[in-house]
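Okay, structure first, notes after.
The values are calculated or read from the model by the stated rules, or taken from the named source; none is laboratory data. What you see is a predicted model, and the numbers here were worked out from it, not measured in a lab. Here Cβ is always computed from backbone atoms with ideal geometry, including for glycine, and neighbour counts include all displayed protein chains. Only protein heavy atoms, including side chains, enter the accessible area calculation; ligands, DNA and RNA are left aside. Shrake-Rupley method; radii C 1.70, N 1.55, O 1.52, S 1.80 Å.
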There are 2 protein chains.
Amino acid sequence: MPTTPPRPPTGQPAAAALSATPRSTIRRGARRARTDRAELYAVLDAGLVGHLGVSVDGSPYVLPTGYGRDGDTLYLHGSTGAATLRAAAAGTPVCFTVTHVDGVVYARSAFHHSMNYRCAVVHGAARVVTDPAERLLGLQVLTDHLAPGSWAATRQPDRRELAATVVLALDLAEASLKVRTGPPGDDERDVAANAGDWAGVLPVSTVLGAPEPCPLLPDGVPVPARVRERGLSRPG
Amino acid sequence: MPTTPPRPPTGQPAAAALSATPRSTIRRGARRARTDRAELYAVLDAGLVGHLGVSVDGSPYVLPTGYGRDGDTLYLHGSTGAATLRAAAAGTPVCFTVTHVDGVVYARSAFHHSMNYRCAVVHGAARVVTDPAERLLGLQVLTDHLAPGSWAATRQPDRRELAATVVLALDLAEASLKVRTGPPGDDERDVAANAGDWAGVLPVSTVLGAPEPCPLLPDGVPVPARVRERGLSRPG
């Protein structure tokens, strides 16, 4: 995304470490907690969708939501008619989670079966973006996160479309990152007792396929480089 | 998963249609709502991880969670020490969401950029499973969902491991399913005005890689068929 600052080059001071508020302190599996803000950015930037949690009338709702990042601000958007967006816009606490599943961990015991994953969790209250320039920035960041290069290459929102869209900003001040990598964490007794049984990791990844043209396209319209050459960011 | 009933063969009556309670009625994008219970099962069965939403001290938490399905019951599990699991076990309302991203939809306008996806959302109150036989069933279903065949092939939980684990059951009574497929839904004006610009779908899928053996494995231990031949279920 052109609007996000580049990651600091190796050897430069890293961004500020992640906070540890009561909500963002990882208590279970604390050895998997990461505190490097650049790692948080990388996990967020590599995702296509996050899950937004918000309470409406006393019940939690968890819905997949597109997003984009500009520095320490996440932008979310949605229809003005969506109840969850309205609740988030009213300032109720929200939680926004981006998870990558990286592998299925096969252990020698059922108990130690696990997943390798990277998971970013952001707590806070969303801010409704009202400034017209920041609304456009937020939509640009969202569009170019989903489809890099598409903002400049396609028609930008008109007044009617803007009126139908809520843009929310969520600060990355209260965020945590949890990562599991590597082989199973079996008990020694199980390793010893099952030397002939396979254990290990089955890697999981997200891949892009061959572009499928819209049926309304005339023949011969080439696939643009921004689509044809797109890759998915992977863990660094 | 051997413990889940097979989908009804084509031509047989489908399972009961999905409910439409106030929480499970899809209001935004209602044309994307599906009401076929077999489709709900397929989306749940194809996922590796879901996102569990629960309120703790007035703030929503959304955390990736393993699960498994047995008929109309979802089983979740976790550590007895996890605050979110404790809150869910206390009967507070929860929401459990499984999302598959199937494609990035490139439109002729920024506004109509979208994603193709399948998303199952389950509302309810979780039940703490206390019956020893059902606890084992739940853990079997969870293990074999994550790693088919692993329950029978590995050491089952001992008393200490069982004591450290909460097993929750969530009924699929209040569930909804939303699916987007197909090309962009551009305005006619944009199709007409941008006949030379590419639009379409970039497919996204989740794939399994080559198994990575645990470093503690002796040389020559073969990868078992349950790992080597594993596929991911895809939409039907």
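Mind listing whichever residues of region A:179-192 are more than 23 Å from A:A120 (Cβ to Cβ) and either part of a strand (DSSP E or B) or not aliphatic (A, V, I, L, M) (or both)?
Matches in region A:179-192: A:P183, A:P184, A:D186, A:D187, A:E188, A:R189, A:D190.
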How do the pairs read when you match residues in region B:50-61 that are at the interface with another protein chain (Cβ under 7 Å from one of its Cβ atoms) and free of Cβ contacts under 8 Å to residues at least 40 places away in the same chain with residues anywhere that are of a type in the set (V, I, T) and in a loop (DSSP other than H, G, I, E, B), using Cβ under 8 Å and keeping only pairs 6 or more apart or on different chains? B:S55/B:T92
In this structure, does A:D190 turn out to be open to solvent by 10 Å² or more (accessible area, probe 1.4 Å) and in contact with a Lys or Arg (Cβ under 6 Å, 6 or more places away or on another chain)? no
Assess whether A:P218 counts as being closer than 30 Å to B:G185 by Cα, crowded, with 17+ Cβ neighbours inside 10 Å and out of contact with any Asp or Glu (no Cβ under 9 Å at 6 or more places or on another chain). no
Given the conditions (1) hydroxyl-bearing (S, T, Y); (2) more than 7 Å from chain A (Cβ to nearest Cβ); (3) open to solvent by less than 30 Å² (accessible area, probe 1.4 Å); (4) without any contact (Cβ under 8 Å) to a residue 12 or more places away in the chain, every one holds for B:S114 apart from (4)
Here, helices (runs of 4 or more DSSP H) confined to region A:75-178 with at least 2 residues that are modelled with pLDDT of 95 or more are A:132-146, A:150-153, A:159-163
The residue that is nearest to B:G68 (Cα to Cα), considering only those in region B:91-107 that are open to solvent by 10 Å² or more (accessible area, probe 1.4 Å) and not hydroxyl-bearing (S, T, Y), is B:H100
For A:G29, which of the numbered conditions (1) surrounded by fewer than 21 Cβ atoms within 10 Å (Cβ to Cβ); (2) more than 9 Å from every other protein chain (Cβ to nearest Cβ); (3) closer than 30 Å to A:V191 by Cα; (4) in contact (Cβ under 8 Å) with a residue 24 or more places away in the chain fails to hold? (2)
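This table checks each residue for (1) over 20 Å from B:N116 (Cα atoms); (2) hydroxyl-bearing (S, T, Y); (3) modelled with pLDDT of 80 or more; (4) in a loop (DSSP other than H, G, I, E, B).
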{"residue": "B:R7", "(1), (2), (3), (4)": "yes, no, no, yes"}
{"residue": "B:P13", "(1), (2), (3), (4)": "yes, no, no, yes"}
{"residue": "B:A16", "(1), (2), (3), (4)": "yes, no, no, yes"}
{"residue": "B:A20", "(1), (2), (3), (4)": "yes, no, no, yes"}
{"residue": "B:S24", "(1), (2), (3), (4)": "yes, yes, yes, yes"}
{"residue": "B:R27", "(1), (2), (3), (4)": "no, no, no, yes"}
{"residue": "B:A38", "(1), (2), (3), (4)": "no, no, yes, no"}
{"residue": "B:V43", "(1), (2), (3), (4)": "no, no, yes, no"}
